[in-house]
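Contents: one structure, followed by commentary.
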Amino acid sequence: MGQNTELLQEFDALIAVPKEQLEWLEEHSKIIDFADGQFISEEGSKIDGPNFILEGRVSLFIKQGNENREISVLSKGSIFGYLPYSRGIIAGVNIQAIGSVKIMSFNTDEINSMIRDQFELTQALVHIMNNRIREFTALQQQNDKMAALGKLAAGLAHEINNPAAALVSDSLSLRQHLRLEPAAFKELTSLHLEASQVDGVSEELMKILAETDRPILSLKEKSKKEDAITDWLDERNVSNAEEIAETFVEFNFTFENLKTFENLIPEHARSPIFNWLLNVLVTEKMIQDIQVSSGRIAELIKSIKIYTHMDRGSEKMASNIHDGIRNTLSILGHKFRKGNVELDERYDETLPRVMAYTGQLNQVWTNLIDNALDSMEINKKGKIIITTERDREFIKVTINDDGPGIPENIRSKIFDPFFTTKEVGKGTGMGLETVQRIILKHKGSVKVESKPGNTTFIICIPINSSTISDNI
C-alpha cells in the first residue's frame, strides 16, 4: 500500500472506502506540489480532479474589482474540484496555495471508469457533492436574507429618522408652549366674560377644528389672505396680528368666522381672546405634527412586518403582489429622494392573488428596484416605471429605469453567482442570482432587455390552480 493511500484513509469523507479502491485512486492520480501564492485553479478555467489536499492549505476566492473576496479556506483532508455526476465544468472561483501545498489530483478523464467500477469511492465523492450543494444553498439563503436585511436596515434608518427627529422637536416645543398656558389662563379669567360668550367662542373654535377638508393654497393666495386678516386684526387693535393671521390661514379661518368671534367678544377682550385662540391652534398644530410623525413610524413598522413576513410562517400563501412592491418602495423611499428619482406606478388592481413565498418575492422587488436606483446614481436623476398586468396565465411585473443600461458584453453574466459591476463593498454579485433563483422556485421567469437609457426587467409568475380566485 502506497504512502498516499495511507493518507487518503485518514480523510473523513473516505473512511468507508475500501483500501483497494483508494489504491486504484492513487494509481490514476498524480502528485503536484505548489509554492506559497501559486494558483492551483483560476476562475474561468476547466475544472479538473477531484483533488485531494495531502499537505497544507488553500484559499478559495473570487475577484471583485481590484480586491479578492475569500469564500473559504480548505486544509489537509479536504477534497475539491470535479466530482462524479457534477454538471459544472468551468471554475467559478480562484484557488491559491497558502504556504507549501501538496495535492493528489485525479485524472478527470478516468471519471467514467470510477463511476463504473469503484462504487464506494464514487458514493463517497457524490456524498461530498450533495453536502456542498446543501451547505452552499443554506449559505446563499442566509446571505440573501442578510443582504435584504442590510438594505431594509439602511432604508429604515433613513425613513424613520425624519419622523423620529420631528417627534422629539415637536414634543420639546409643546412642553415649552404649555408652560405659557397658566399666564394666558390668568389673563382670560380677568376678562369676566359671560358664560354665553365663552360657550360661543368654544363652539365656533370646535367647528373650525372639526373641518378637515381644508383647501390647499398657493404661496401667493396664502400671502394675500394672511395680509387681509392681519389688516382686519390691526384695525381692531389685536396684538401679534401677523402671527395670528399666519396660523388662522393655516386652519382656514374665514372672515365669517372672524365676524362671529367679533360679535361674541366685547371690545376690551378681543386682543386677549384672539391671542388665546392662537395658543390653542399652535398647540393643536403641534399635536397634529406629532400624530403625523408617529403615524409615519407606525406605517413603516407595518411595512417592515409585511416585508419581512414576520407575522407569518415561511409557507406559501395567497400573496398580494402590489402589497409587497408598495412596502418595498416605502422602505426604499429615501433612495428615491436622495437620487432625485421619479416613480411611476402602473398597476392592474384587478390582478388575482398568487400562491407565493411572500418574503422571498419581497427580496426580488428589493434587489431589482435597488439595482435600478444604483444604476441611475451617475445621472443624479432618473425615472422608474413599475407595471403589473396579466399576460395569459401569468402575472407580469416589469421594472423599467432610464439609467445607462447594461452593456451587451456582460448581459449574459448578470445572473451568474458573484458577478457584479459594482465596486468592492457595494455589491456581492448575488442580487440578480437571488432574483432568478426565487422566480424559478415559483416556476416563473425573469428576463432583461437593455439599451442606454432604457433597461427593463420582466418577471412572470404563473397563475395556476393553487391561485386564490379573489381579486386584490
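The values are calculated or read from the model by the stated rules, or taken from the named source; none is laboratory data. This one's a predicted model, so the numbers in the text were calculated from it and none came from an experiment. Using ideal geometry, Cβ is built from the backbone for each residue, glycine included, and neighbour counts are taken over all protein chains shown.
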* Pairs only if they're at least six apart or on different chains, beta carbon under 8 angstrom, first in segment 63-87 and surrounded by fewer than 14 Cβ atoms within 10 Å (Cβ to Cβ), second modelled with pLDDT under 90 and part of a loop (DSSP other than H, G, I, E, B); list them, first residue then second. => Asn66/Val424; Glu67/Val424
* Asked: Before we move on, is Val341 at pLDDT 85 or above, in the same structural domain as Ile458 (by TED's automatic domain parsing), among the β-branched types (Val, Ile, Thr) and more than 18 Å from Ile459 (Cα to Cα)?
  -> yes
* Mind counting the residues in segment 408-439 that are modelled with pLDDT of 85 or more and either in a loop (DSSP other than H, G, I, E, B) or in contact with a Ser or Thr (Cβ under 8 Å, 6 or more places away or on another chain) (or both)? => 1
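Condition check: part of a strand (DSSP E or B) and crowded, with 18+ Cβ neighbours inside 10 Å. Does Ile369 satisfy that? Step through it out loud before you land on a result.
Working: part of a strand (DSSP E or B): no; crowded, with 18+ Cβ neighbours inside 10 Å: yes.
When the stated conditions are applied, Ile369 does not pass them.
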* To do: Can you confirm whether segment 364-380 contains a residue that is of a type in the set (Phe, Trp, Tyr), over 17 Å from Val446 (Cβ atoms), in contact with a helix residue (DSSP H, G or I) (Cβ under 7 Å, 6 or more places away or on another chain) and in the same structural domain as Arg437 (by TED's automatic domain parsing)?
  => no
* To do: Considering each residue of segment 209-246, count those that are polar (S, T, N, Q), surrounded by fewer than 17 Cβ atoms within 10 Å (Cβ to Cβ) and closer than 16 Å to Leu278 by Cα, and give that number.
  => 3
* Asked: Which pairs do you get when a residue that is closer than 14 Å to Ile325 by Cα, found in segment 385-407, comes within reach of a residue that is at pLDDT 90 or above and in a loop (DSSP other than H, G, I, E, B), reach meaning Cβ atoms under 7 angstrom, with the pair 6+ apart or on two chains?
  -> Thr388/Tyr347; Thr388/Asp348; Thr388/Leu351; Glu389/Asp348; Ile395/Leu351
